[in-house]
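Let me begin by presenting the structure, written as C-alpha cells, before commenting on it.
The values are calculated or read from the model by the stated rules, or taken from the named source; none is laboratory data. Keep in mind that what you see is a predicted model, and the values were worked out from it rather than measured. Ideal geometry is used to build each Cβ from the backbone, glycine not excepted, and the neighbour counts take in all protein chains shown.
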Amino acid sequence: MEHRIKTIDELTLMDDYMFAQVMRDTRHLKPLLQFVLQVPIAKIELIEPQKTEKEGYDSKGIRLDLYVTDEQGIVYNVEVQTTSKKHLPKRMRYYQSTIDISILRPGVDYKELRKTFVIFICNYDPFGKNRYVYTFENTCREVPGLLFGDETVKVIVNTRGEVGEISEELNEVIRYLNDGTVTGQYSQELDTAVSAVKSNEERRLEYMTLAMHDMEIREEALEEGREEGEEKATVSNLRTVMKKMKLSAEKAMDFMDIPAEDQSKYALMLREE
C-alpha cells in the first residue's frame, strides 16, 4: 500500500498540519467559528489539554489539536477531514470524550463539564444528503424537541454541499477550502497565512520532521510484517503503529491508509489476537 507524504508546498488549508498552523492564530479561527455556528463570539483563546491523543505528533513537540474556549467557557474543537470515514459519528464521539477527559481536572465535579462543540470540516458528504452543514444534539425520541441537556454539539461542514442556507462568509470559506479561490477579505487573509507558513523556515523544518517521523513509523511497521501473509502483516503493522504512536486502532488504520470498507475486518482481527 504505497503512501506518499506531501511536501509543505503542496499543502492546502484542508491538510491537518496547515489548518492547525493557520488556525492557531485566533484572528483566523474566531471568524471561522462565527461563520459556521452563525453566532457572535466576543473572544476566544487557545487552551492546552492535559493530554492529547495525537501523541505521535506531540512527542516531536508538534501539537495539531485545536481546542479553544470563549468568554462564556464554551469549548470548541475544530478538525479537517479529507478521507471518507465510515465511522465518522463514532470518531466525533471519541473526540468529545477526549475533550472532557482533557479539560476536567482531577477531583472536579462532573457538573463543571463545559458546553462543547466538536466541528469537523469535510471535503466529502458523510451522510449523502448534499447539505452544507449538519448539526447534531442529543434529543428525546419520545418527546420531540426535548434536549438531553449534556451540552454537547457536533457540527459537520460539507464543503461539497449544495443544500441549505449558508452565509456568504461561509460560502467564501468553502470556496477557498475547495480550490484555493480567493473571493473576499477573509479568504485573502487565509491565503496570506498559508503562504506565510510555507515560507517560514522553522515551519518547513517542523513539517519535514513530522513527515519523516511518520514515514519511519510506516516503514518500520511494514518491515516487521513483511514475512507474514498480507492480512496478518497488516494486523502486525497496525499493532506497531498503535504501540509506537500511542494511537487507537481506528486512528492507526487511518494512518496506514486502510480503506474504510476494510476497517471493520481489521478491527475484529485486532480484538481476536
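Quick rundown of the values:
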read-out	value
Which numbered condition Y76 misses (of (1) of a type outside the set (V, I, T); (2) loosely packed, with under 15 Cβ neighbours inside 10 Å; (3) under 24 Å from P40 (Cα atoms))	(2)
Selection count where residues are within 24 Å of the chain's Cα centre (by Cα) and loosely packed, with under 12 Cβ neighbours inside 10 Å, scope the range 141-162	1
Selection count where residues are in a helix (DSSP H, G or I), more than 25 Å from T83 (Cα to Cα) and free of Cβ contacts under 8 Å to residues at least 12 places away in the same chain, scope the range 169-187	1
Residues satisfying the stated conditions in the range 1-23, i.e. surrounded by 15 or more Cβ atoms within 10 Å (Cβ to Cβ) and assigned to a loop (DSSP other than H, G, I, E, B)	L11, T12, L13, M14, D15
Output for the range 171-192, where each listed residue is surrounded by fewer than 18 Cβ atoms within 10 Å (Cβ to Cβ) and either of a type in the set (A, V, I, L, M) or outside the structural domain of D15 (by TED's automatic domain parsing) (or both)	V182
Given (1) of a type outside the set (S, T, Y); (2) in a helix (DSSP H, G or I); (3) under 30 Å from G128 (Cβ atoms), number of the condition A193 does not satisfy	(3)
Count - residues of the range 102-128 that are part of a loop (DSSP other than H, G, I, E, B), of a type outside the set (K, R) and either surrounded by 14 or more Cβ atoms within 10 Å (Cβ to Cβ) or not assigned by TED's automatic domain parsing to the domain that holds Q81 (or both)	6
